[in-house]
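None of the figures in this text is laboratory data; all of them are computed from the coordinates on show. Just so it is clear, the structure is predicted and the values come from calculations on it, not from any experiment. FYI the Cβ positions are ideal-geometry reconstructions off the backbone, even for glycines, and counts take in every protein chain you see.
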Amino acid sequence: MQAYVSHDPNVGYVQGMNYLTGFLHIMLQDQDDTFACFVKMMDSHMKRLIYSNIQNLKPYWSKLDRMVDFYRPKLAHHFQVTSFMELCLANID
């Protein structure tokens, strides 16, 4: 997260970035690839949402949920058992 804050100080750190980078790192298993993917994601989608309204992130959670289910079914099951995604969405409200 410090690397991204240095990369784009105008955005800085926003609550929830650690969830996204954590997921990307689980999927990519490489620190450099994770950073590159996170920067691309921020530049193409997330900055606009962050600046507009945090409520606009909710539709992306369902996409994230589907990706976890497809790529990491055991992790998706754990999230379901622990209500992880619901807790994350509750923090957005």
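Values computed for the structure shown
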quantity: Spherically averaged projected area of the chain from its Cα convex hull (nm²); calculated: 5.8 nm²
quantity: 0 to 90° range, to nearest 10: angle between helix 58-71 axis and the chain longest Cα axis; calculated: 60 degrees
quantity: Rounded FRET efficiency, nearest 0.05, which uses the C-beta distance separating residue 62 from residue 82 and R0 of 22 Å; calculated: 0.80
quantity: Value of [θ]222 nm, deg cm²/dmol, for the chain, DSSP H segments ≥ 4, -39500 (n - 2.57) each, nearest 500; calculated: -21000 deg cm²/dmol
